[in-house]
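Written below as structure tokens is the structure these notes are about.
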Amino acid sequence: MKRAKPCTFWLLLLVVLGSVSISTVWAQEGTPSAIDTGDTAWILISSALVLCMTLPGLALFYGGLVRSKNVLGTIMHTTIIVCVISIGWVLWGYTLAFGPDVGGVIGGLDYLGLRGVGMDAFPGTRIPHLLFMVFQLMFASITVALVTGSFAERMKFTA
């Protein structure tokens, strides 16, 4: 008897889980009213995985691509970029990206400094608003951290 390849198992699992999640989304029409613990746990885990992709993952990946004298500087670029983007995102980035529309182009300043962002559900979801902000922060930080690979070994950290 021929044994199934491991990739076949993972593909089948992906199709089954995808169809289950799509059917639950179609079944939940309307606006969600309460925070769901399963959705919250999934977004927490996803945020943690993206953070692990960024700091140790991306930093060590770029550190492995450069000469040994530039490893520390390259890792510091990624780490400091994540810190700076996190501060900017909390202060004004989140409100400009996800605040109420002003002219349909940019968000308003309603969430400036995370004012009004709490543990109530984010509109249209069943996860806390603060968790949604953290989830989006992880992607904002990895996006800018990816750029540090373009100037690895070309720029000193002090510059």
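Every number here is computed from the coordinates shown, using simple stated rules; none is lab data. Keep in mind that what you see is a predicted model, and the values were worked out from it rather than measured. Neighbour counts are summed over all protein chains in view; Cβ atoms, including those assigned to glycine, are modelled from backbone coordinates with ideal geometry.
Within region 87-159, the chymotrypsin sites (Phe, Trp or Tyr not before Pro) that combine a DSSP coil assignment with at most 13 other C-beta atoms in a 10 angstrom radius are F157. If you plug the beta carbon distance of L112 and L65 into 1/(1 + (r/R0)^6) with R0 = 30 Å, you get a FRET efficiency near 0.20. Any chance you could tell me what percent of the C-alpha pair distances in region 34-151 go past 24 Å? Here the long-distance tail beyond 24 Å is 36 percent of all Cα pairs in region 34-151.
Taking other C-beta atoms within 10 Å as the exposure proxy, I75, I43 rank I43, I75 from fewest upward. Looking at region 84-159, the trypsin sites (Lys or Arg not before Pro) that sit in a DSSP loop and have at most 13 other Cβ atoms within 10 Å of their own Cβ are R115, R154, K156.
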